[in-house]
Amino acid sequence: MSAAAFCLAYAGFSALCLAMDRHHEDVFDRALPRGRRLWLRALGWLGLVLSLAACATAWGWSYGIVEWVGILSLAGLLLIWLLAYRPRAALAAAGACAAAAPLLAWAA
Amino acid sequence: MLRYRLAVTSRAAAAIGGGYVLASAAAACLAVWLPLARVDAVVAAQMLSFVVYACAALWVFATRNAWRAWAGVALPALVLAALFWLGRAGGV
Amino acid sequence: MKGMRQPEPAQPAHAPAEGLRQAMSWLHTWAGLVFGWLLFAMFLTGALSFFRPEITRWMRPEVAVQPVSAARSVEVAEAYLRRHAPDAARWFIVASTAREPGVRISYQAAKPPPGQRGFRRVTLDPVTGQEIHARETRGGDFLYRFHFQLEMGVPWGRWLAGIAGMFMLVAILSGIITHKKLFADFFTFRPRKGGQRAWMDGHNALSVLGLPFHLMITFSGLVLLASLLMPAGILAAYDNEREFFDEAFPAFAMKPASGQAAPLVPLAPLVAQAEQAWDGGAIQRMVVNRPGDAAATVSLSRAVSDRVSYGRQAPTLTFDGVTGQPLGGTGEAGAVGTVAGTVVGLHLGLFAQPLLRWAYFLVSLAGTAMVGTGLALWIAKRRQKLRSGAPDTLSLRLVDVLNAGSIAGLCVACAAYFWANRVLPADLPARGQWETRIFFAAWAASYVYAALRGRRKWRDLSALGALLLLLLPVLNALTTDRHLGASLPAGDWVMAGFDLSALVAGLLLAWIARKSGGREQAASRRPARHATAGPDGAAPPLAGSSNAAYESR
């Protein structure tokens with residue numbers, strides 16, 4: 001379940017990141033279409049909230065919140081690092097995480 | 001240049017030394033006045049005093065000049081110290 | 001200092017918001033720099049401290065002890081203490097846990113032999129009940145204590161650490177105020193832009209993403225030292241500090257002896273009673289006051305790791321030492337106690353399971369890198385402002401030497417400490433002292449080397465650190481039989497984890513060494529690069545607002 005939480009955090013942050021012009025262009029070499037921004041933001045926040053829910057499910061609320069903060073920090077740093085050196089890989093990882101998260105959550 | 005350095009030194013003294021005095025006064029005042037059990041009031045007061053210290057340091061460097069920096073630290077410190085003495089004397 | 005900030009009289013020309021950000025930016029730079037070197041060391045040793053017991057176990061590879069239950073721990077401890085310390089004033093027993101499987105006891109010897117200290121600490125093998133004899137080392141405890149005591153006498157080390165912590169808090173808060181584009185630049189990291197821009201992005205990313213952690217760890221660190229740093233709060237309400245501590249931690253207050261002898265009740269059954277009272281909670285500590293006296297009491301503390309709010313004080317149960325009757329204890333803390341306990345507990349991280357513990361470690365390292373990149377950024381900005389081809393100023397060189405010694409040099413020192421542990425003979429007298437001497441000698445030598453070497457210091461020191469760390473598992477294999485070849489198949493994650501972490505750390509330092517080597521070559525080609533610097537580099541320092549460089553655009 002912690003793995004699911006991490007995947008959700010990473011995917012969520014990736015979505016929020018892609019919702020920014022600068023980073024969208026880094027990855028897609030295209031400008032960000034207006035409608036897409038709202039979708040990406042919504043999905044991004046959803047990912048982060050679900051990540052918190054996963055942590056709370058696994059560990060209870062007090063421990064879960066602490067774990068969530070840690071996961072957010074690490075997922076964010078990982079994303080930034082990948083984005084700087086391998087933007088396509090960062091995107092692929094986001095897709096993989098989004099797909100894997102429900103499976104990991106179900107398996108837990 | 002000298003004037004600039006004096007101003008900076010003055011602010012640093014206000015933030016570090018003056019800030020500590022202000023934080024201690026806040027800790028003492030809160031420890032006496034917080035409506036909690038004595039041991040809890042002390043613990044709470046100590047935690048809050050660090051917040052006061054940090055805010056004071058930021059304020060000292062944000063404000064317009066060194067005089068205001070000192071005033072902003074010394075005056076509240078005096079007020080808090082006075083409140084502390086009152087509280088202690090009044091057996092709060 | 002030239003061009004750092006407008007002197008006071010000219011400042012009102014700026015809009016108030018700009019003035020605040022500029023002021024906070026100045027404050028952030030100087031608060032960060034003055035204590036940056038010390039804070040780097042505190043962050044790094046603090047990060048390592050999350051694995052304090054594991055490091056100690058790696059440093060005593062000849063000890064292979066299995067954990068036992070709390071009741072068994074107490075039995076074993078009691079047997080030893082009754083034999084060796086029957087007339088001590090207090091017995092302290094710490095139960096065996098998975099992370100620290102030995103039974104730790106300590107006592108104040110009533111009449112110590114001349115020349116020996118009265119307070120004795122012993123670790124027992126819970127199976128044999130015998131004292132564990134292994135190479136004398138301070139292990140992970142050295143790093144842990146350095147983190148908040150800086151190897152200086154009490155209270156000076158803690159005071160200095162506390163002051164550094166306060167500067168850190170101010171640096172964090174002023175950094176937040178300065179970094180206007182917190183959200184816009186959340187994911188921005190452009191290492192290829194090089195120079196000041198890359199360092200700035202890296203510093204911002206590490207700071208912002210770890211912000212909840214950095215704020216928490218800094219504030220909670222201050223709270224941990226609150227009684228030392230802010231005595232005014234205590235003395236305002238109490239006549240002296242002893243009164244406060246006795247009221248805050250009643251289970252550990254010392255009670256006077258009655259003078260009458262009385263046999264001590266068997267201790268192990270008390271453990272079962274406490275475990276029942278706490279509904280399965282784990283026992284961690286037992287304190288026996290005045291064993292053998294009629295006024296003896298036995299206090300059991302619940303495991304701090306049971307809940308994050310137990311960080312400061314866990315619930316205790318006290319029993320009469322002669323009859324075994326429960327005398328009461330401290331239950332769950334009230335609101336303030338829980339808040340303070342949680343704050344402290346978050347800092348210590350003892351409640352963390354292995355996964356969260358690793359997260360703590362990694363985010364702490366990010367914090368360490370935050371401090372390090374901040375120090376590097378200071379240099380990068382100043383260098384950028386120099387005229388192309390001009391040599392570094394004295395202050396710049398000084399700071400760069402201090403940076404190299406404090407960052408790369410500290411890594412070398414840590415590696416040297418671990419090397420010393422494996423290389424020094426096991427029966428060397430004062431072996432533990434020699435290990436730490438080598439740590440400090442290596443650290444000091446790094447500063448000297450950095451001062452002498454100039455251009456190549458970063459590359460050389462990082463490379464040396466990398467070499468020492470990468471070879472550490474090899475050294476482990478040569479000097480013990482608990483090397484990776486054995487520990488991985490056996491699932492011995494303490495030994496394997498340490499060796500693997502050393503390898504990863506070594507690779508990281510090797511990468512830094514390579515980058516530093518490249519950068520120093522680039523620096524000698526600086527005239528060409530400076531001429532092509534983009535809009536954010538082109539108008540350097542002549543106007544006062546150097547803080548334009550803090551802008552992201």
>> Run the numbers for residue A:108 and residue A:31: contour at 0.36 nm per residue of separation, minus the present Cα-Cα distance, in nm.
In response: 23.8 nm
>> Using only Cα atoms and rounding to the nearest 10 degrees, what angle (0 to 90) does helix C:156-178 make with the longest principal axis of chain C?
In response: 50 degrees
> Which cross-chain or sequence-distant (5 or more) residues have an amide H under 5 Å from the amide H of residue C:264, H modelled 1.01 Å from N in plane?
Replying inline: C:292
>> Can you give me the angle between helix B:66-89 and the longest principal axis of chain B, using Cα atoms only, in degrees from 0 to 90, rounded to the nearest 10?
In response: 10 degrees
> With every protein chain left in place, what is the accessible area per residue of chain C in square angstrom, probe 1.4 Å?
Replying inline: 44 Å²
>> Just to verify a number: FRET efficiency for residue C:388 and residue A:85, C-beta to C-beta distance, R0 = 25 Å, to 0.05?
In response: 0.30
>> Could you work out [θ]222 nm for chain C from helices alone, using -39500 (n - 2.57) per DSSP H run of at least four and dividing by all its residues? Round to the nearest 500 deg cm²/dmol.
In response: -19000 deg cm²/dmol
>> Taking every alpha carbon pair in chain A, what does the distance histogram look like in 5 angstrom bins from 0, in percent?
In response: 2, 15, 23, 24, 18, 10, 6, 2, 0
> Hey, with R₀ at 45 Å, roughly what FRET efficiency would residue C:83 and residue C:507 work out to, going by the Cβ-Cβ distance, to 0.05?
Replying inline: 0.35
>> Could you order the peptides C:270-283, C:73-86, C:106-119 from most to least packed, using the average number of other C-beta atoms within 10 Å per residue?
In response: C:73-86, C:270-283, C:106-119
> When the Cα centres of the stretch C:453-487 and the stretch A:3-68 are compared, how far apart do they sit, in Å?
Replying inline: 39 Å
> Label 7 Å along Cα→Cβ of residue C:119; the stretch C:427-444 residues with amide nitrogen under 16 Å?
Replying inline: none
>> If you take the accessible area of B alone plus C alone and subtract the pair, what total do you get in square angstrom, rounded to 100, with a 1.4 Å probe?
In response: 3300 Å²
> So what are the ³J(HN,Hα) numbers for the stretch C:421-435, from phi and the Karplus equation (6.51, -1.76, 1.60; θ = phi - 60°), rounded to whole Hz, Gly and Pro as x?
Replying inline: 4, 7, 8, 5, x, 5, 9, 5, x, 6, 4, x, 5, 5, 4
>> Once R0 is set to 30 Å, what does the formula 1/(1 + (r/R0)^6) return for the Cβ-Cβ distance between residue C:358 and residue C:110, expressed as a FRET efficiency to the nearest 0.05?
In response: 0.10
> Cross-link partners among lysines for residue C:381, C-alpha distance below 23 Å, same-chain residues fewer than 8 apart left out?
Replying inline: C:2, C:180, C:181, C:193, C:457, C:515
>> Can you work out the Karplus-derived ³J(HN,Hα) for every residue in the stretch C:397-410? Use 6.51 cos²θ - 1.76 cosθ + 1.60 with θ = phi - 60°, whole Hz, and x for glycine or proline.
In response: 5, 4, 5, 5, 5, 4, 4, 4, x, 6, 9, 5, x, 5
> Once Rh is set to the Kirkwood radius over Cα pairs, what Stokes-Einstein translational diffusion coefficient, in µm²/s, holds for the protein assembly as shown at a temperature of 25 °C and a viscosity of 0.890 mPa s?
Replying inline: 86 µm²/s
> Amide H neighbours of residue C:124 under 5 Å, counting only residues 5+ apart in sequence or on other chains, H built in-plane at 1.01 Å?
Replying inline: C:103, C:104, C:105, C:132
> What is the gain in length, in nm to one decimal, between residue C:492 and residue C:423 on full extension, counting 0.36 nm per residue of separation less the C-alpha to C-alpha distance?
Replying inline: 22.6 nm
> What percent of all Cα-Cα pairs in chain C falls in each 10 Å bin, counting up from 0?
Replying inline: 3, 15, 24, 24, 17, 10, 5, 2, 0
> What is the helix-to-structure angle for C:457-479, meaning the angle in degrees between its Cα long axis and the longest Cα principal axis of chain C, kept from 0 to 90 and rounded to the nearest 10?
Replying inline: 30 degrees
> Going from most exposed to least, what order do C:172, A:65 have by accessible area with a 1.4 Å probe?
Replying inline: A:65, C:172
> Tell me, what % of the accessible area of the stretch A:2-107 is carbon and sulfur with a 1.4 angstrom probe?
Replying inline: 72 percent
> Where the accessible area of chain C is counted over protein heavy atoms with a 1.4 Å probe, how much of it, in %, is carbon and sulfur?
Replying inline: 64 percent
> What residues have an amide H closer than 5 Å to that of residue C:297, excluding those fewer than 5 places away on the same chain, when H is modeled at 1.01 Å from N in the peptide plane?
Replying inline: C:289, C:321
>> Please list, in order, the residues from the stretch C:238-253 whose amide nitrogen is less than 20 Å from a point placed 7 Å along the Cα→Cβ vector of residue C:294.
In response: none
>> I'd like the Karplus ³J(HN,Hα) series for the stretch C:97-112: coefficients 6.51, -1.76, 1.60, θ = phi - 60°, whole numbers in Hz, and an x wherever there's a Gly or Pro.
In response: 10, 4, 7, 10, x, x, 8, 9, 10, 8, 7, 9, 5, 5, 10, x
> Starting at 0 and stepping by 5 Å, how many percent of the alpha carbon pairs of the stretch C:198-238 end up in each bin?
Replying inline: 5, 22, 15, 14, 12, 10, 9, 7, 4, 2, 0
> What value, in deg cm²/dmol to 500, does the helix sum -39500 (n - 2.57) over DSSP H runs of n ≥ 4 give at 222 nm once divided by the residues of chain A?
Replying inline: -31000 deg cm²/dmol
> So which DSSP H runs in chain A come out at 15 Å plus along the axis (Cα) with average Kyte-Doolittle of at least 1.0?
Replying inline: A:2-18, A:61-85, A:87-107
> When the gyration tensor of the stretch B:16-90 is built from Cα positions, what are the square roots of 5 times its three eigenvalues, in whole Å, from largest to smallest?
Replying inline: 24, 13, 7
> For the stretch A:27-106, what is the accessible area per residue in Å² when the probe is 1.4 Å?
Replying inline: 58 Å²
> What value does the stretch C:54-134 have for Rg/Rh, both radii from Cα atoms and Rh as Kirkwood defines it?
Replying inline: 0.99
> In whole angstrom, how far apart do the alpha carbon centroids of the stretch C:71-100 and the stretch C:218-275 sit?
Replying inline: 20 Å
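The values are calculated or read from the model by the stated rules, or taken from the named source; none is laboratory data. For clarity, every value in this text was computed on a predicted model and none was experimentally measured. Note that we place each Cβ from the backbone using ideal geometry, even for glycine, and neighbour counts take in every protein chain shown. For the accessible areas, the whole protein counts, side chains as well, though only heavy atoms, and no ligand, DNA or RNA atoms are used. Shrake-Rupley method; radii C 1.70, N 1.55, O 1.52, S 1.80 Å.
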